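*Asks:* Just passing along the structure, written as structure tokens.
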Amino acid sequence: MTTITHPSFGEVAPDRVIVFDTTLRDGEQSPGFSMNLEEKLRMAEALEDLGVDVIEAGFAIASPGDFASVQAIAEKLQGAVVCSLARSGRADIQAAADALKPARRKRIHTFISTSPLHMKYKLQMEPEAVLQAVIDSVTFARQFTDDVEWSAEDGSRTEPDFLCRCVEAAIKAGATTINIPDTVGYAVPEEFAAIFTMLRERVPGADKVILSAHCHNDLGLAVANTLAAIKAGVRQVECTINGIGERAGNAALEEIAMALKTRHDAMPADSAIVTRNIVRTSKLLATITGFDVQPNKAIVGRNAFAHEAGIHQDGMLKHAGTYEIMTPESVGWAKSSLVLGKHSGRAAFRDKLKQLGYGEIGDNALNDAFQRFKRLADAKKVVFDEDIVALVDDEVVRAHDHVRFVSLDVHAGSKGPQRAVLELDIDGEVRSAESTGDGPVDATFKAIRMLFPHEADLKLYQVHAVTEGTDAQAKVTVRLEEKGKLVDGQGADTDTLVASARAYIHALNKLMVKRLRTAPAAPAA
Ligand code: KIV
Ligand code: ZN
């Protein structure tokens, strides 16, 4: 393999793997994972800090909200290449180009299905018409940027000859990255790798472009397929934080990055991922979406570095290498440490936030977070890093909410009736309501409904402790459903009922954003 010259990256060495993150597009597309503009911006900044090379910020034509998010991310990011997805039609590509206008470095990613099944049933197009659409879409996209990626949707189930023809046509039309998705997660590693070997052998110009792998996890093989593709010459991997994405998800960024780092002997390739920022980014995504990763999830699950069995603990004490193939610190796990006390000032708090990897936080969010930290330090004997992260993420993701929590007074216990008196700030006006209910949580949620009437149904109510101990902060997730739309909200507080109210209000705010998003025909990806 040789060095490739790429319009956005210059000389790309044979052992350099470009990380293309699609958390904000493929990840965000899956049910319950939608994010509003501020949340996407916060994630995009975290992805840039993580060292991601290309950030797929959204699908500009999908809705006004998607367009605005791609545009805002394009305006904000200085380092990473910002990308928008587009189907092959001109309107899609034009929308992507318009949204990306402010970007310092931009990419248009256009795709069309190439498998017999998709062409016949989904597109209802003849192969020759699809081939023409490949040429037209890439040619049109090149009018706006030199960095154009073309994807063969359902590429892994495409007939080899036709795939070669499409790839050759895309390269001739000016595509600089060729992506082969395993759209339905059907491929197995050897077979997926063989597709790239074939393209390199048979397609003229394939050695001058970046080949890319995009794997879904329906059979749990997304990361294995991606690594096999790297071995077969792929220089770009498409992935998401925590492996979120359509159905069973996409290949998990953190797993690919750590596999490359830990098994460099087996896969001599490097990414630019700053691995110590992995856990932070994973937690931020969990806070924003309300979906925690499973405890045994590789790299970022809370048990990923836990050693319970006595025999393992004994081995670890003698030599960490007995049961640990990488250090928890290398991916950003830190031992819980006492951080600040109730006498700590704003400067120390700001300093701590810097240490925890928060870049710029708006003054309002900082003030609110500081006030909450003071209350937390009063309520809790010890304040851990995890507490600060939960609290600040909670504050940052709420900075632009229309409905905000002000106060809650609850009468609970066995004598009843359980009652809640709640104050909310709704678009700058503080209103209050009192309600009884079947328990304090029900009373609180009813009071929210009185102050802000809505039709949504409660689908999930979940409570976790952020740290150990009876004075730990509670982290609550609330899932609401309205007309088939699902949203998850999160709240953290030492008082479980306050955390519950915050989580419900967060979900309501997300629902309002979702109502504004008028999706066109569901984008297939
Ligand atoms: O899975 C898929 O095929 C996709 C493409 C649009 C890249 O997400
Ligand atoms: Zn996909």
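The values are calculated or read from the model by the stated rules, or taken from the named source; none is laboratory data. Keep in mind that this is a model prediction, so the values were computed, not measured. FYI the Cβ positions are ideal-geometry reconstructions off the backbone, even for glycines, and counts take in every protein chain you see.
*Asks:* Checking GLY416 against (1) assigned to a loop (DSSP other than H, G, I, E, B); (2) under 18 Å from ASP495 (Cα atoms), which single condition isn't satisfied?
*Replies:* Unmet for GLY416, out of (1) assigned to a loop (DSSP other than H, G, I, E, B); (2) under 18 Å from ASP495 (Cα atoms): (2).
*Asks:* Continuing with the same structure: From (1) part of a strand (DSSP E or B); (2) at pLDDT 95 or above, pick out the condition that doesn't hold for VAL441.
*Replies:* Answer for VAL441: the failing condition is (1).
*Asks:* To continue, here is another question. For region 177-213, what are the residues that are closer than 24 Å to ARG142 by Cβ, over 25 Å from the mean Cα position of the chain (by Cα) and β-branched (Val, Ile, Thr)?
*Replies:* Correct list: VAL203, VAL209.
*Asks:* For region 311-353, give me each residue that is of a type in the set (Asp, Glu) and at pLDDT below 75.
*Replies:* Hit for region 311-353 is ASP314, nothing else.
*Asks:* Then there is this: Residue check: is GLY155 in contact (Cβ under 8 Å) with a residue 24 or more places away in the chain and on the phi > 0 side of the Ramachandran plot?
*Replies:* no
*Asks:* Test ARG431 against the criterion of being part of a strand (DSSP E or B), touching a residue at least 40 places away in the same chain (Cβ under 8 Å) and among the basic types (Lys, Arg), and give yes or no.
*Replies:* no
*Asks:* Here's a check for you: in region 143-169, which residue that is more than 22 Å from ASP98 (Cα to Cα) and small (Gly, Ala, Ser) is farthest from ligand 2 (Cβ to nearest atom)?
*Replies:* Taking the candidates together, the pick is ALA169.
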